[in-house]
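Note sheet for the following structure.
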Amino acid sequence: MPYIAGVDIGNNSTEVAVAEFTRSGEARIVSSSIVKTVGIKGTVRNVLGVIDALDRALSPLGIPRKDLGIVLLNEATPVIGDVAMETITETVITESAMIGHNPSTPGGMGLALGTTIMLEDVAAASPDKQWIVVIPGSTEFRVAAEQLNRAMSAKFQIAGAIVQKDDGVLIHNRLHHSIPIVDEVVHIDRVPVGMPAAVEVAAVGKTVEKLSNPYDIATLFELTPEETRNIVPIARALTGTRSAVVIKTPRGDIQERRIPAGKIKLIGRHQKVDIQIDEGAESIMEQVVKVSPLLEIQAEPGTNVGGMFETVRQVMADLTDQPVSAIRVQDILAVDTLVPQRVRGSLAGEYSLGNAVGLAAMVETQKLPMQRLARKLEEEIMVPTIVAGVEAEMAIRGALTTPGTKPPMAILDLGGGSTDASLITESGEIKSVHLAGAGEMVTLLIDKELGLDDLELAENIKLFPLAKVETLFHMRHENGSVQFFHEPLDPRLFGRVVVISENGPIPVETREPLAKIVEIRQKAKKKVFVHNSLRALERVGPANNIRLISFVALVGGSALDFEIPRMISDSLIEYGVVTGRANIRGTEGPRNAVATGLVLAYEEKQRN
Amino acid sequence: MAGSEAKPVVRILTTMPSPEKEIGYILWGLEEEEIPAEIEEVEEKPLKILAKQAADGSKLNVGIGISGTDQMALLHHRDLPADKPLFSMTADEFNMTQLRMLGANAARLVKGNPLLFHSEQAYSSGPKDSMQLQQNALNDPAQLSQNQLGELLTLVVIELLTHIERQA
């Protein structure tokens, strides 16, 4: 039996290591390969990917498949994770009462107070009052400016204007007296007339001062302490914008509403705890630690999280041919986040930041139907196939081929659905753990916090660095370096923040500046990966102590991420742990750990 | 000409007789974006050359060529090759909305702000609206590349296989 192959079927990739047996019974790994996993891990459809991976590993050696003596599969631990988000607060406007947004070019500057009136009614208005004129899109800017001028010279007091189209500067430039003008107000028809209103436009590069301060709003509209309390959400929503309008309507009401997000039930070996999701991630995670070891987590039906729990359990039940009732959610990770939400009842499509909690769940069962998969593979390729070793053990065996390591060593595998850690002690004992929350959670956080509603784009933002296209011929990368191009860039990219994906730059359609997007990306990675790495290492560490682990090696795809390894190493350095990307067999980098481990384990068994 | 080279302006070169009304639309676009412009009447010339000449002579590197006779307008940048203007407005786009957008884009090109591609974009303020545009492009199968089509096909086949597997 000269050649053998170790095969690792993971959630994302299928990896192969092919070894040649020397006369002395030593296995020498001569080739390896990696392909995308076909189908959900553990299903017979995986066979397609395995055959592809085997062929790729064998082709440089010029060996046909049938010459393989044996194929070794890993005993995959079935772990499935999923994510969901519950919004806890939202801003609701009953009766229109505020406009706060960032039209790129408002007109004029300063603060104006008056009563709202339609442009067509100005001529018949009272001359003793200050007016805020509402100009619909059907009126051309020259006509609007002329009518305003006529009204001003006839001693009508025009204090400010609210304009539907992007005409603010054009109107302002044609007025005899400067007034603040807010433009690009899409739903101008919803602006109530005959109501007291304030318009504020800040200088370029500044943000509104008065209308973002509840006491200034109270001063302007002579509000009672009760009313002042109610306008706090307005002031908060207007913070950071360059122009704003606040209108006081008799029944007008803006509320920051708390949305009932339901509760989750933590069932530990020794105690049970109910916790409201809207208490926030910190207290949820505190309880998780307190109740641990966890046996099961239940979520309230009818909530987003409840729905997500059901889906995960259903998928796992289908996968392993078990009744859904036998599948339990065993771990959760909660993360606090702020999501931009369209203000309900808004006039210009304003957004306000609402609080939300992101939750990742994980289910784990004892065994996948790997035997079925092995039989199917054997049938297809006519090579004896066996399930040869447990994933976690094989991974750590493979990882130990990294030069410069020895037990006690831990490996961290930051996947898509779960964060996995294993530890091997000096005596060779192996302990492993799977935790909820990994790559998919990071993608979700990026998507929600940027308000993209596009998971593919969010995924790209997670995976690749950003750049700003500054001219038609160059872009500045997020690290400050400048890249020039010989051909002009797509005008659609001009002036935009782009993700440098594998398929070239993709524009990120948001007004957030590059630095803000980088911050959101890095925070999401820290909240999930760094937090989970510490959580996982604590669980597997001797006496639950990270300090007693000497070496930590990162394996799997996320070890190749351009910033995650550094973040984890930064946080582990204070525990005195050597942290780095694994380098399997000194050649493979963080890939091929399990496949390598399978071959090594088989060799050892043959020898004994 | 000497004057315009000294001042930082977007240059607009027009063939005679100059289309006053249409130039006005372009100027509105520039004005709303707060970038100054200067107009000059010149001899009849191919429009691409005219626009390029306008851009080359502008301190801001941005120029527009316009012809009332041909009902066409081009936006050019000094760094672009003469035969590749950034935007060309054809006769059926020679209207207020499009020309005003051309003016706004000339200004945005100077400022380094994202360009406008649909006039309705001027009214959108949230990220959702522009997303919609992207989405539409994705939904149009004609715009899918060979690779994307292949991927799509694979997905469909896998989906079918899963279905059959479940039923069995």
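The values are calculated or read from the model by the stated rules, or taken from the named source; none is laboratory data. Here the structure is a predicted model, which is why all the values come from computation and not from measurement. Please note: Cβ atoms are built from the backbone with ideal geometry, for glycine as well, and neighbour counts cover all protein chains shown. Keep in mind that these areas ignore ligands, DNA and RNA; they rest on the heavy atoms of the full protein, side chains included. Shrake-Rupley method; radii C 1.70, N 1.55, O 1.52, S 1.80 Å.
The residue pairs whose first member lies in the stretch A:392-404 and is open to solvent by 50 Å² or more (accessible area, probe 1.4 Å), whose second member is modelled with pLDDT of 95 or more and among the acidic types (Asp, Glu), and whose beta carbons are closer than 7 Å, counting only pairs six or more residues apart or on different chains, do not exist in this structure. When A:Gly306, A:Gly262, A:Gly240 are checked against the criterion of being over 30 Å from A:Asn11 (Cα atoms) and within 23 Å of the chain's Cα centre (by Cα), A:Gly262 stands alone in meeting it. Of all residues in the stretch A:542-589, those satisfying the criterion of being of a type in the set (D, E, K, R) and free of Cβ contacts under 8 Å to residues at least 60 places away in the same chain are A:Arg547, A:Glu563, A:Arg566, A:Asp570, A:Glu574, A:Arg581.
Checking the conditions here, which among A:Arg28, A:Arg23 is surrounded by fewer than 19 Cβ atoms within 10 Å (Cβ to Cβ) and in contact with a strand residue (DSSP E or B) (Cβ under 6 Å, 6 or more places away or on another chain)? Full working, then the answer.
Working: A:Arg23 fails: in contact with a strand residue (DSSP E or B) (Cβ under 6 Å, 6 or more places away or on another chain).
The unique qualifying residue is A:Arg28.
A single entry from A:Glu449, A:Glu478, A:Glu487 fulfils the requirement of being surrounded by 15 or more Cβ atoms within 10 Å (Cβ to Cβ), of a type in the set (Asp, Glu) and under 28 Å from B:Val110 (Cβ atoms): A:Glu478. Within the stretch A:452-475, the set of residues being open to solvent by 60 Å² or more (accessible area, probe 1.4 Å) and within 14 Å of another protein chain (Cβ to nearest Cβ) comprises A:Asp453, A:Leu455, A:Glu456, A:Lys468, A:Glu470.
Inclusion of A:Gly194 among residues that are assigned to a loop (DSSP other than H, G, I, E, B), more than 25 Å from B:Leu27 (Cβ to Cβ) and either without any contact (Cβ under 8 Å) to a residue 12 or more places away in the chain or within 14 Å of another protein chain (Cβ to nearest Cβ) (or both) is not warranted. With the condition kept exactly as written, say whether any residue in the stretch A:21-35 is in a loop (DSSP other than H, G, I, E, B), within 14 Å of chain B (Cβ to nearest Cβ) and under 30 Å from the mean Cα position of the chain (by Cα). No: the stretch A:21-35 contains no residue that is in a loop (DSSP other than H, G, I, E, B), within 14 Å of chain B (Cβ to nearest Cβ) and under 30 Å from the mean Cα position of the chain (by Cα). Does any residue of the stretch A:97-116 turn out to be away from chain B (no Cβ under 14 Å), crowded, with 21+ Cβ neighbours inside 10 Å and assigned to a loop (DSSP other than H, G, I, E, B)? The answer is yes; a qualifying residue exists. Of the residues making up the stretch A:42-88, those that are open to solvent by 20 Å² or more (accessible area, probe 1.4 Å), among the charged types (D, E, K, R) and not in a helix (DSSP H, G or I) number 3. Taken together, the residues in the stretch A:297-320 that are open to solvent by 30 Å² or more (accessible area, probe 1.4 Å) and within 24 Å of A:Glu75 (Cβ to Cβ) amount to 4.
Kindly evaluate B:Met72 against the criterion of being under 26 Å from B:Ile49 (Cβ atoms) and either at pLDDT below 90 or open to solvent by 20 Å² or more (accessible area, probe 1.4 Å) (or both). Considered against the rule, which asks whether it is under 26 Å from B:Ile49 (Cβ atoms) and either at pLDDT below 90 or open to solvent by 20 Å² or more (accessible area, probe 1.4 Å) (or both), B:Met72 comes out as yes. Here A:Val528, A:Val552 are screened, and the one residue that is in contact with a strand residue (DSSP E or B) (Cβ under 8 Å, 6 or more places away or on another chain), in a helix (DSSP H, G or I) and crowded, with 22+ Cβ neighbours inside 10 Å is A:Val528.
Could you check how many residues of the stretch A:119-156 are in a loop (DSSP other than H, G, I, E, B) and over 20 Å from A:Ala197 (Cβ atoms)?
First, the residues of the stretch A:119-156 that are in a loop (DSSP other than H, G, I, E, B): A:125-129, A:136-140, A:154-156.
After this cut, where a residue has to be over 20 Å from A:Ala197 (Cβ atoms) as well, the list is A:138, A:140, A:154-155.
Adding up the residues that qualify gives 4.
Tell me yes or no: at least one residue of the stretch B:8-19 is of a type in the set (Gly, Ala, Ser), touching a residue at least 40 places away in the same chain (Cβ under 8 Å) and either within 19 Å of B:Leu80 (Cα to Cα) or surrounded by fewer than 19 Cβ atoms within 10 Å (Cβ to Cβ) (or both).
Yes.
Of note, A:Ile234 satisfies the criterion of being out of contact with any Phe, Trp or Tyr (no Cβ under 8 Å at 6 or more places or on another chain) and in a helix (DSSP H, G or I).
Screening A:Gly10 with (1) open to solvent by 50 Å² or more (accessible area, probe 1.4 Å); (2) under 38 Å from the mean Cα position of the chain (by Cα) gives one miss only, at (1).
A:Ala17 meets each of the listed conditions (1) surrounded by fewer than 21 Cβ atoms within 10 Å (Cβ to Cβ); (2) within 23 Å of A:Gly597 (Cα to Cα) apart from (1).
So is B:Ile35 among the β-branched types (Val, Ile, Thr), over 22 Å from A:Asp490 (Cβ atoms), surrounded by 21 or more Cβ atoms within 10 Å (Cβ to Cβ) and within 14 Å of chain A (Cβ to nearest Cβ) or not? Yes. Looking across A:Leu148, A:Leu175, one residue alone is over 24 Å from A:Thr241 (Cα atoms), open to solvent by less than 50 Å² (accessible area, probe 1.4 Å) and within 14 Å of chain B (Cβ to nearest Cβ). It is A:Leu175.
How many residues does the stretch B:77-123 contain that are more than 11 Å from chain A (Cβ to nearest Cβ), more than 12 Å from B:Glu33 (Cβ to Cβ) and buried (at least 21 other Cβ atoms within 10 Å of the Cβ)? Total meeting the criteria: 2. When each of A:Arg539, A:Arg521 is tested for being touching a residue at least 60 places away in the same chain (Cβ under 8 Å) and open to solvent by less than 70 Å² (accessible area, probe 1.4 Å), the lone residue that passes is A:Arg521.
For the criterion of being buried (at least 20 other Cβ atoms within 10 Å of the Cβ), of a type in the set (A, V, I, L, M) and under 26 Å from A:Leu466 (Cβ atoms), A:Leu560 fails.
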